[in-house]
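Below: one structure, written as structure tokens.
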Amino acid sequence: MTTQIVKGIYQLKVPIPDNPLEATNIYLLQGDNSYTLIDTGWDSNTAFNSLNRQLAEVGVGLPDISQIIITHAHFDHFGLAGRVKQISNAKIYMHTLEQEVFRTRYVVSEEFLNSVAHWFTINGVPQDMIEAVHSPIKGFRKPIPAQPDVLLNGGETISSGKFNLQVIWTPGHSPGHICLYEPVAKILFSGDHVLPVITPNISLTPTTKGNPLGDFLQSLATVRKLDVAQVLPAHEQIFKNLPGRVDEIVRHHEIRTKEIMAAMGHQEKTAYQLATAIKWMPEQGGVDYGDLSPVAKLSAVSETLAHLKAMAVEQKITSVIHDDIVYYKDI
Ligand SMILES: [Zn+2]
Ligand SMILES: [Zn+2]
């Protein structure tokens, strides 16, 4: 269903198949003679038909779209961009660093998978757990939906009629994630950077450069300063109290850092051992590691590693290697 948020800005909900998130919120902005879309949704026929139906509710067709801005290149945001572009010939805007995601999420090479398997192995994850996730995705290829037409770095302004969207680079959840800020309407399109209930996944992988959790916290501080009346997120519901929500997410990461430190107990532990010792999914009241799905088990290790990286940068912990396995220890 299409909802008008303020005059000229509409929210559409594009369904994500078999996913607890249920839908991606995408946004339609009226321009002078055409429209801008912020994100597009998951690539499936159901999603595509739903998008068309919701556009039609406000008298818009795909050929009326002239700009597509992608907050980040995950499937649920970028997936339909190819089909929308094919019909509309719209220009696709994306942060330059999101092109890294093409290599890790769309065309998954054997070499890449091997490097990820090696990475989990040296971090103490049992082989059968790695195999359970990797075997089914060997040779996985999802066509890259489309190539971007305009590469962004942050700091640009993209206009659509009376709306002027400031591009804010917010790395963390994804290396080239962007939020868009409209200063007159005081609206922040937050993508997956700030969601009202769930905390976005921040992971370290063998291809991750730097300190994604550190980047994420910095990116939270960046948006917290903005004068925002409404946050329009890519999932869940619209909300108003941005500083309050930012503080909650920061607190969540502080608590997790403390849990990891406590689990370490002044001993050398692998990332896997630490991940198994803490509670996951706090928004669901906390779930034991053993009760997570096979995929979630691996991503819990990647999230633990993102924390360990941030803790190492802050010089709280150090790592040692014994028999090709990495152990972490407090300083
Ligand atoms: Zn995402
Ligand atoms: Zn998402």
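The values are calculated or read from the model by the stated rules, or taken from the named source; none is laboratory data. No experiment lies behind these values; they were computed from the predicted model shown. Virtual Cβ from ideal backbone geometry, glycine too; neighbours counted across all protein chains shown.
Condition test on F112, is it aromatic (F, W, Y), closer than 14 Å to I144 by Cα and assigned to a helix (DSSP H, G or I)? No; evaluated as a whole, the condition is false for this residue.
For the range 220-232: of the residues being part of a loop (DSSP other than H, G, I, E, B) and out of contact with any strand residue (DSSP E or B) (no Cβ under 8 Å at 6 or more places or on another chain), which is farthest from G285 (Cα to Cα)?
Just the residues of the range 220-232 that are part of a loop (DSSP other than H, G, I, E, B), to begin with: 225-229.
If we keep only those that are out of contact with any strand residue (DSSP E or B) (no Cβ under 8 Å at 6 or more places or on another chain) too, we end up with 225, 227.
On the way: K225: 30, D227: 32 Å.
Out of the qualifying residues, it is D227.
Here is a yes/no grid of residues against (1) surrounded by 16 or more Cβ atoms within 10 Å (Cβ to Cβ); (2) within 15 Å of ligand 1 (Cβ to nearest atom); (3) part of a loop (DSSP other than H, G, I, E, B):
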| site | (1), (2), (3) |
| --- | --- |
| V167 | yes, no, no |
| Y181 | yes, no, no |
| F189 | yes, yes, no |
| Q218 | no, no, no |
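Scanning the range 191-202 for residues that are touching a Pro at 6+ places or on another chain (Cβ under 7 Å) and within 11 Å of ligand 1 (Cβ to nearest atom) yields D192, H193, L195, I202.
Looking at the range 203-212, which of its residues are in contact with a Lys or Arg (Cβ under 9 Å, 6 or more places away or on another chain), within 15 Å of ligand 1 (Cβ to nearest atom) and in a loop (DSSP other than H, G, I, E, B)? If the condition is that a residue be in contact with a Lys or Arg (Cβ under 9 Å, 6 or more places away or on another chain), within 15 Å of ligand 1 (Cβ to nearest atom) and in a loop (DSSP other than H, G, I, E, B), then T208 is the only one that fits.
Which members of the range 248-274 meet the condition of being out of contact with any Lys or Arg (no Cβ under 8 Å at 6 or more places or on another chain) and closer than 23 Å to T121 by Cβ? Answer for the range 248-274, where residues must be out of contact with any Lys or Arg (no Cβ under 8 Å at 6 or more places or on another chain) and closer than 23 Å to T121 by Cβ: I260, T270, A271, Y272, Q273, L274. Residues that are within 17 Å of G172 (Cα to Cα), surrounded by 21 or more Cβ atoms within 10 Å (Cβ to Cβ) and under 23 Å from the mean Cα position of the chain (by Cα): does the range 287-301 have at least one? Within the range 287-301, one or more residues are within 17 Å of G172 (Cα to Cα), surrounded by 21 or more Cβ atoms within 10 Å (Cβ to Cβ) and under 23 Å from the mean Cα position of the chain (by Cα). Are any of the residues in the range 94-106 under 21 Å from V231 (Cα atoms), surrounded by fewer than 17 Cβ atoms within 10 Å (Cβ to Cβ), within 16 Å of ligand 1 (Cβ to nearest atom) and not assigned by TED's automatic domain parsing to the domain that holds I130? The answer is no; no qualifying residue exists.
Residue by residue, here is whether (1) in contact with a strand residue (DSSP E or B) (Cβ under 8 Å, 6 or more places away or on another chain); (2) in contact (Cβ under 8 Å) with a residue 60 or more places away in the chain; (3) farther than 17 Å from L12 by Cβ holds:
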| site | (1), (2), (3) |
| --- | --- |
| I68 | yes, no, no |
| V84 | yes, no, no |
| Y93 | yes, yes, yes |
| M129 | no, yes, yes |
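Restricting to the range 1-33, and then to whatever is touching a residue at least 60 places away in the same chain (Cβ under 8 Å) and farther than 18 Å from F239 by Cβ, can you tell me which residue is surrounded by the most Cβ atoms within 10 Å (Cβ to Cβ)? Out of the qualifying residues, it is L29. Number of residues in the range 233-282 that are outside any loop (DSSP other than H, G, I, E, B) and either within 16 Å of ligand 1 (Cβ to nearest atom) or farther than 18 Å from G191 by Cα (or both) equals 26.
Scanning the range 148-165 for residues that are under 11 Å from L97 (Cα atoms) and in a strand (DSSP E or B) yields a total of 2. The sole residue among K162, K186 that is among the basic types (K, R), at pLDDT 95 or above, assigned by TED's automatic domain parsing to the domain that holds L28 and in contact with an Asp or Glu (Cβ under 8 Å, 6 or more places away or on another chain) is K186. Would you check if there is a residue in the range 35-55 being of a type in the set (K, R), over 16 Å from A146 (Cβ atoms) and assigned to a strand (DSSP E or B)? Scanning the range 35-55, I find no residue that is of a type in the set (K, R), over 16 Å from A146 (Cβ atoms) and assigned to a strand (DSSP E or B), so the answer is no.
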